[in-house]
Amino acid sequence: MISKLIVKIFLILLVPLNLMGQSDDVSKVGTTAATFLEIPVGGAAVGMGGAFVSLANDASSLYWNVGGISTIGKYDLHLSYMNWIADTKFNFAGLVLPLGDFGTFGLSFTSLSMDDMKVRTIEKPEGTGELFSAGDISIGLSYARNLTDRFSIGFTIKYIQERIWHMTSQGWAIDAGTLFRTDILGGMVIGASISNFGTEMKLAGRDTRYFIRIDETKEGSNDRIPTNIELNSWDLPLIFRLGLSTNVIQNDTYRFTVTLDAIHPNNDYESLNVGGELSFMEFFILRGGYNSLFLKDGEGGLSLGIGVNSTMLFSDTIVQFDYAFRNFGRLQNVHMFSLEFKF
């Protein structure tokens with residue numbers, strides 16, 4: 001009964017996707033706040049073209065599919081860094097804490113930052129001497145558990161903040177995800193997740209305040225009447241992902257896994273991510289994939305990556321290093337580096 005109730009709740013959360021989907025010819029690109037929440041996480045996932053929702057086998061699952069953390073048997077610390085587009089810096093940290101029959105907890109932190117920039121005005125286009133900064137953060141608390149030996153489900157609640165100079169915007173969101181393991185086609189796994197279902201966000205702060213003179217025709221009238229520019233609220237980037245993965249080859253030496261994700265966002269057209277992973281004795285891993293197949297006006301798409309696993313001396317701690325390259329066409333190509341500690 002409990003598992004059926006949770007599944008029904010998850011399906012109800014999917015209803016807004018139909019209400020907020022794309023019209024026939026309008027992509028709605030640039031109409032949501034907190035778009036840093038769409039930046040992919042983890043060298044393994046990025047190297048496989050972002051097709052990771054059904055694989056979800058490390059702490060980066062806190063981003064891709066929180067239901068996957070219930071399959072992680074050890075404490076798992078994940079750290080990712082990437083120089084993102086337009087000289088911004090992206091960081092992600094995730095910690096998974098399995099607690100046996102009680103379930104699995106997770107903590108995550110995401111940030112997007114940039115160097116300080118000059119404050120410029122029409123009168124002083126070279127700068128006023130002041131500097132301003134901008135940045136975004138997200139903090140998440142997650143919980144997942146196995147409802148059966150084949151089916152798992154998880155949820156995340158997260159706080160989101162965007163900041164630019166003296167302006168801030170805050171919001172809350174929920175992620176939900178499931179994994180279902182089948183016994184067909186080499187043990188195919190089906191995964192689904194919904195991300196960033198939450199409140200609207202609206203910038204507020206003293207940078208919208210300025211002073212006016214109500215009546216220019218009257219001498220002596222007050223020219224310091226305070227007023228504020230009215231700003232709109234914007235939705236979060238709601239994303240639904242449905243994925244499949246299976247092991248095409250699996251023996252004592254080699255494993256070859258293929259993955260496929262279908263992406264339905266509320267601020268762009270639908271697309272597909274595809275990827276593959278070739279492992280040699282679970283020590284050296286080669287990855288490749290393609291992002292945003294069939295996406296109208298998409299940029300680039302090819303992803304490549306490598307991974308290396310090792311066990312620390314005198315310890316059963318597993319350390320994994322992952323690197324991924326992603327092509328962005330006319331935009332700057334990006335490189336992601338990740339470290340994973342399982343202990």
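Go through (1) farther than 21 Å from N327 by Cβ; (2) in contact with a Phe, Trp or Tyr (Cβ under 8 Å, 6 or more places away or on another chain) for L278 and report which single condition fails.
Checking L278 against (1) farther than 21 Å from N327 by Cβ; (2) in contact with a Phe, Trp or Tyr (Cβ under 8 Å, 6 or more places away or on another chain), the one that fails is (1).
Considering each of T128, T182 in turn, give the residue that is among the β-branched types (V, I, T) and either without any contact (Cβ under 8 Å) to a residue 24 or more places away in the chain or over 30 Å from S245 (Cα atoms) (or both).
T128
When you go through I164, I160, I139 one by one, which is the residue that is within 21 Å of I229 (Cβ to Cβ) and touching a residue at least 24 places away in the same chain (Cβ under 8 Å)?
From the options I164, I160, I139, the qualifying one is I164.
Return the residues of the stretch 67-95 that are farther than 21 Å from T317 by Cβ and among the hydrophobic types (A, V, I, L, M, F, W, C); say none if nothing qualifies.
M82, W84, I85, A86, F90
Which of the residues spanning the stretch 106-157 are among the polar types (S, T, N, Q), assigned to a loop (DSSP other than H, G, I, E, B) and farther than 30 Å from V189 by Cα?
T121, T128, S133
Taking the stretch 90-134 on its own, how many of its residues are of a type in the set (D, E, K, R) and in contact with a Leu (Cβ under 6 Å, 6 or more places away or on another chain)?
The number of residues fulfilling the criteria is 1.
Any residue in the stretch 110-125 that is closer than 30 Å to G73 by Cβ and either touching a residue at least 12 places away in the same chain (Cβ under 8 Å) or surrounded by fewer than 17 Cβ atoms within 10 Å (Cβ to Cβ) (or both)?
yes
Consider the stretch 38-89. How many of its residues are touching a Phe, Trp or Tyr at 6+ places or on another chain (Cβ under 9 Å), of a type in the set (A, V, I, L, M, F, W, C) and part of a helix (DSSP H, G or I)?
Here the count works out to 8.
Among the numbered criteria (1) closer than 29 Å to S338 by Cα; (2) out of contact with any helix residue (DSSP H, G or I) (no Cβ under 9 Å at 6 or more places or on another chain); (3) charged (D, E, K, R), which one does D175 miss?
Exception for D175: condition (2).
FYI, it's all coordinate maths here, none of it is from the lab. Predicted, not measured: the structure shown is a model, and the values here were computed from it. Cβ atoms come from the backbone with ideal geometry, glycine included; neighbour counts cover every protein chain shown.
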